[in-house]
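Computed from the coordinates by the stated procedures, all read-outs in this text should not be read as laboratory data. Computed from a prediction, not measured in an experiment: that's the story for all the values here. Backbone-built Cβ (ideal geometry, glycine too); neighbour counts: all protein chains shown.
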Amino acid sequence: MNLGERFPQGVVRDERPGYSGWIVDSSLLPNVAQTLRREEGFDYLSSVTGVDYLPEDLFETVYHVYRTGGGPGEIIKVRTPRGRPVLPSLTSIYPGAEFQEREIWDLFGIQFDGHPDLRRILLWEGFSGHPLRKDWREPMYEEETKPFGARWPEGRRNGPPDRAFTRPADALAPGGWEADDDRALYAALENEAGGRPEALQTEFLMVNLGPQHPSTHGVFRVAALLDGETVVNLKPVMGYLHRCHEKIGERNTFPGNIPFTDRLDYLTSLSNNFGYVLAVETLMGIRPPERAEYLRVILAELTRIVSHLWSIGFLLNDLGAFFTPALYAIEERELVVDIFEAVTGSRMMCNFFRFGGLARDIDAGTVEAIRALVEERLPGKVDQLDAYLTGNEIVQARCAGVGILPREKALAYSAAGPVLRASGVPYDVRKAEPYSVYDRFEWDVACRGGCDVYDRYLVRMDEIRQSIRIIRQALRALPAGPVQTGKPQFQPRVPPGEAYGRVEGPKGELGFYVVSTGRPNPWRYHVRAPSFINLTGMAEMCRGGKVADVVAVLGSIDIILGETDR
Amino acid sequence: MTEETLHDPQIPLPDNLLGRIAVTSIDRIYNWGRRNSVWPMMFGLACCAIEMICTQASRFDKSRFGMEIMRPSPRQSDLLIIAGTVTKKMTPTIVRLYDQMAEPKYVIAMGACASGGGPFREGYNVVPGIDQVLPVDVYIPGCPPTPQALLNGLMELQKVISSQSWRTSPWYRRGPREIPVPQLGPDLVVEPRPQNFPKTKERGT
Amino acid sequence: MFGLGILKGLGITLRHFVESYWEDLRGWGRRYFTPEGIARRRSRDTRGIFTIQYPEEKLPVPEAFRVIPFLVYADEADGTRKLRCTACGICARVCPPQCIWIVRASDSATGKPVAHPAEFAVDIDRCMNCGYCAEYCPFDAIRMDREYELASRNRSGHVYNLEKLLKPAAYHAAIHPAAFAREEAERAQRQARRTGDA
C-alpha cells in the first residue's frame, strides 16, 4: 500500500539506507493510523518505541502495525524535536499503545497529547531525567559504549566508587523534594472510576496487592479500587524489576546482548535468543545453516513446553491448589532443563544462539534424549495433567467465565500469545509471518473462543501438544551439517539500518527492534515484551469481577517480571 | 542435614548410653533447634527466584533441611533470601519487609545481582548489592546459582547459626535494630545506618 | 457426575503416593546414594521419589556446565607454571558485563608489552556465567569452571585475582575431556601445519 500517494503532503518514504517504512508528519499521525486500522485492516499494533537521534537533534517514534490475517506489516515513524517533544497519542485508535506510550514518556520524555493517564510507568514519579536519552548519564556511568577502555591493556579498576550510591548531577538535595507517595496513581484510579461514590453508598476501598505477594509472580503490584469485593477499577504498577535492560543493551556490543536477552523472560531464554538473533541476522543479511534452523526450532519449542508447564502449575497454585500441580509440572520441567544444561551449559541462562547459527552442535546422545522425552514421557504426562485438572470442578468454577476479554478488546489492547488466542483470534507469528523453518511443519494454531481464564489454560495445554508435534517432525527431518555460517566472530560487522525481529514466544509476540549505525554497538535496542503489553488489557479483564479473581486473571496472563519491567 | 548430633561430643558418656541420652549445653540445643527450623520468606525478585522455587520443589526438596514452608508473611519467617536484582524502586519495600521480620533473622544474598549488582550493576535503577542496605549473612555467587548451590548456601547459613550464642545474641539486647527505610526521590536516597548498628560479622558470634 | 473431576485428580495424586513406596521397594538398596540410582531418577522413566539427596548425593553436571571462568596453565619440566594466556584482551572486550580486568605485562628492560598478563581479575559479583570468554579465547587459555559450591560469609574475596584463577591443564582435561581432546587435536594440527610451512 502506498501511504505516500494517499497523503501526498506529510507522508514520505523513509529513504535512509537500511531503513523502510513511512515518515509521517506528527499532525497527520491520527489520520494515518485511522486509515491503516479502519480501511487497510492493520488491526494489530505490535510495537511502539522511541529512538533518540541525538546528532540530528530529534526523537523518532516508531510504530509497527500488522494484520492478524498474516503478511508483512507497515512501519510508520513520527519525528519530534528534542527540545519540545510532543506527539498526538494513538490510544483512541489503538488502545494497546497505552502502556507503551507511558513507557516512552518515562524513558524518553516524549509527551503524548490525549493520553488518558500519562504517568511514569517503570520508574517512579519524581525520578530525575529520562534515562534512554542519549545524553542522560547514570550514576555508574563509565563510558558511552563497551568494551570499556579501563579493562585492557591496563586493567585499572577505576570505575565508580565500589560501594556507594551516587545521585544524578541534577538531583535536588535531600529535603528539596517530596517522596513518591502514589498520589497520582490513586487519583488516576478514582478519576477513571468516575470519582468517589455519592452519599448513601458504600465507600470505595483502595487495595494494593504486591509488590511482595505470593501470587503476583514476582515483584508486581496491582492497585485496585474496590466496592465491597467487586473490582471497580484497577491499575498494574510495575518497574520493581526494571533492570535498565535497554540502556545496558545500547552500551553492549551486538553479541554481548545475547546473554542479556536470557534474563528477559528467564523461563524461556532460548526463544528470547531467537528473537534477538533474528533481528540482527536481518540486519547482517545472513541465514543460519539448515541444521541450526532445525535445532533452533527444537530448542525453542522445548522452551515453550517448559514455560507453559510452569505457567499451568502456578496458575493452579494461585487458585489455591497449593503446589501439587506445580510440583508435578516442575518435575517435567527439570527433565527438560537437564537437556538444556547438557546442551548449553546452564539450566536457565542458555545463551546458545549466535548470529548465523548456534554456539555448538548437539551430540547424538542429546538428540536421542530429546526424542525419548517427547516421544515417551511428555505426551503421557500432559495427558495426566489434563486428566486431573481440566475436568476438575473447582478449577472450572474458578476459571470459566472469569476474566473475560472479548475478541475486539483483545485485538485493540494488542494482547498476544495465549491471551489473544483464547479470545478467538488465531494469530500466531509462526503462521502469520513464518520465520526460520516453521513453514515446513504441520501443526495447528491453538485457538479457543471462550475469552476467559479457563480457555487461556486450555490454549496452553493445546500448545504443549502442538509443540511436541513440531519437535517430533523436526527431529525426524533434522539434517546433518554445520551449525554456523562462517567463522564465529566476537565483533561482527552489522551494517547500518533498522530491523524488527519477532518470534512467537511462549508468552506471545516477542519483538526486538534494533537500530545499527555500523558501529559495534546498537544505537537503539528495544524489546517488545509480551508480558508487558498483555497487561494493558488486565483492567478490562478484572473490572466488575471479584477481587479474588484478580489473582486468577494475573495467573492466566502469565507474566514474567524480568520481561515486564526489563 | 547437618551430621551434628544433639549430644555434645566433648561431654564423655558411657558407651552403653550413647545414642540414648544426650548431654548438651543450652547453646547447642538452642542452635540445633533454630538451625533446623529456618523458615524462608516467599519472596522472589528475579531470575534466581525460579531456582529458589526449584529448590523448594521435589527434586531438591528444601524441606529436608527443616525449611518446609516458605511463608509469604515477613512476620512468620526467619530468613530473607534476596533472590534476584535489587532495584532502587524495590529497595524501600525490601527494607520494610526486613524490619517487619521477627528476630532472629537472617539474609542470604543469592546470585551475583544480590551480592554486587551482577551484570545489571551499571543500570540506573539497580542497587549494587543488597549489602548496601541490609546486613547479609551468606553470599552465594553464580548467575543464577543452581539449586544445589543454594542448598550449599543454606548449609553455610546453618553453620552461621551454629556459631551463635544466646548469651551474646543482639536480639535480646536493647539498641537500634531497625533499619531506616530509604526513600525514592530524584534517585534512591539511603539514610545512614545508625552508628551502633551491628554489622554482619558482629552479629552474636 | 459432579465431583468426578475432583475424584480423578485425587486418584492421580494417590497413584503418585503409592508409586513412591513401590519404587523404593523395587529399588531397595540401589535407589539412593548410588550413581545408577541418580541416573535412574533423572532418566525419562523416573517414577516415585524424584529427590536428589544433596549433599550426600549430587547431580552430576554435564561437560558444558559453566559457572566461573578459570585460567589454564601447564606445568613445565622445570616446575614453573606456563600460562596459556597472552593478555590479548579478547575476553575482556567480549565480556558482556565487563567483569574482567587485565594488566598486560611489560618487559622490565625495554618497557615494551609482552604476551603475558601481569594481573588478571574477574569480579564474580558481576560475572553472568555466559561463557563468552572461554568461547572466543583463541589460545584455549580461559575455560569455565564447574565448581558451584561457593557460598561464603563475606564478599571481600569475590574479585578473583590471577592466583585464584589459575588451574592446571590437567584439571581442565579432567572436567572437559571431550573439549580437551578436540583442542589438543587442533593444536597438533596447527603445529604440523606450521612445521610443514617452515
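In segment C:142-159, how many are of a type in the set (Gly, Ala, Ser) and crowded, with 20+ Cβ neighbours inside 10 Å?
1
Look at segment A:34-63 and say how many of its residues are in contact with a Phe, Trp or Tyr (Cβ under 8 Å, 6 or more places away or on another chain) and assigned to a strand (DSSP E or B).
Residues in segment A:34-63 being in contact with a Phe, Trp or Tyr (Cβ under 8 Å, 6 or more places away or on another chain) and assigned to a strand (DSSP E or B): 13 in total.
Could you pull out every one of the helices (runs of 4 or more DSSP H) wholly within segment B:87-189 that has 2 or more residues that are more than 14 Å from chain C (Cβ to nearest Cβ)?
Hits in segment B:87-189: B:91-100.
Pick from C:Val122, C:Val114: which is among the β-branched types (Val, Ile, Thr), within 19 Å of the chain's Cα centre (by Cα) and more than 8 Å from every other protein chain (Cβ to nearest Cβ)?
Testing whether each residue is among the β-branched types (Val, Ile, Thr), within 19 Å of the chain's Cα centre (by Cα) and more than 8 Å from every other protein chain (Cβ to nearest Cβ) leaves just C:Val122.
Could you check, for segment A:517-535, whether at least one of its residues is over 17 Å from A:Tyr413 (Cβ atoms), of a type in the set (A, V, I, L, M, F, W, C) and more than 14 Å from every other protein chain (Cβ to nearest Cβ)?
Yes, because at least one residue in segment A:517-535 is over 17 Å from A:Tyr413 (Cβ atoms), of a type in the set (A, V, I, L, M, F, W, C) and more than 14 Å from every other protein chain (Cβ to nearest Cβ).
Pull up segment A:214-251, narrow it to residues that are more than 11 Å from chain B (Cβ to nearest Cβ) and aliphatic (A, V, I, L, M), then point me to the one that is nearest to the chain's Cα centre (by Cα).
Only one residue tops the list, namely A:Val222.
Which residue, of A:Glu341, A:Glu368, is closer than 25 Å to C:Asn129 by Cα and surrounded by fewer than 23 Cβ atoms within 10 Å (Cβ to Cβ)?
That would be A:Glu341, the only listed residue that is closer than 25 Å to C:Asn129 by Cα and surrounded by fewer than 23 Cβ atoms within 10 Å (Cβ to Cβ).
Any residue in segment C:54-73 that's within 14 Å of chain A (Cβ to nearest Cβ): show its pairings with residues that are hydroxyl-bearing (Ser, Thr, Tyr) at Cβ separation under 6 Å, as long as the two are six or more apart or on different chains.
Matching pairs, first to second residue: C:Val67/C:Tyr148.
Only one of (1) part of a helix (DSSP H, G or I); (2) under 30 Å from A:Pro147 (Cα atoms); (3) not hydroxyl-bearing (Ser, Thr, Tyr) fails for A:Arg291. Which number is that?
Unmet condition: (2).
Of all residues in segment B:135-157, which are surrounded by fewer than 24 Cβ atoms within 10 Å (Cβ to Cβ) and more than 27 Å from A:Glu331 (Cα to Cα)?
Residues satisfying the conditions are B:Pro135, B:Val136, B:Asp137.
How many residues, within segment A:307-329, are more than 21 Å from A:Glu563 (Cα to Cα), hydrophobic (A, V, I, L, M, F, W, C) and either touching a His at 6+ places or on another chain (Cβ under 7 Å) or at the interface with another protein chain (Cβ under 10 Å from one of its Cβ atoms) (or both)?
Final tally of qualifying residues: 5.
I want to confirm something. Restricting to segment A:252-290 and keeping residues that are among the acidic types (Asp, Glu) and more than 11 Å from chain C (Cβ to nearest Cβ), which single residue is farthest from the chain's Cα centre (by Cα)?
Only one residue tops the list, namely A:Glu290.
Please indicate, with yes or no, whether at least one residue in segment B:31-46 is within 14 Å of chain C (Cβ to nearest Cβ) and outside any loop (DSSP other than H, G, I, E, B).
The answer is no; no qualifying residue exists.
Which pairs turn up if I take residues in segment A:351-364 that are away from chain C (no Cβ under 12 Å) and free of Cβ contacts under 8 Å to residues at least 12 places away in the same chain and look for partners that are of a type in the set (S, T, N, Q) and part of a loop (DSSP other than H, G, I, E, B) with beta carbon separation below 6 Å, at least 6 apart in sequence or on another chain?
Qualifying pairs under 6 Å: none.
Do you know which of the residues in segment B:51-71 that are free of Cβ contacts under 8 Å to residues at least 40 places away in the same chain and in a helix (DSSP H, G or I) is surrounded by the most Cβ atoms within 10 Å (Cβ to Cβ)?
So the residue we want is B:Gln56.
Just a yes or no: is a residue in segment A:316-330 within 23 Å of A:Leu510 (Cα to Cα) and either in contact (Cβ under 8 Å) with a residue 40 or more places away in the chain or touching a helix residue (DSSP H, G or I) at 6+ places or on another chain (Cβ under 8 Å) (or both)?
The answer is no, given that none of the residues of segment A:316-330 is within 23 Å of A:Leu510 (Cα to Cα) and either in contact (Cβ under 8 Å) with a residue 40 or more places away in the chain or touching a helix residue (DSSP H, G or I) at 6+ places or on another chain (Cβ under 8 Å) (or both).
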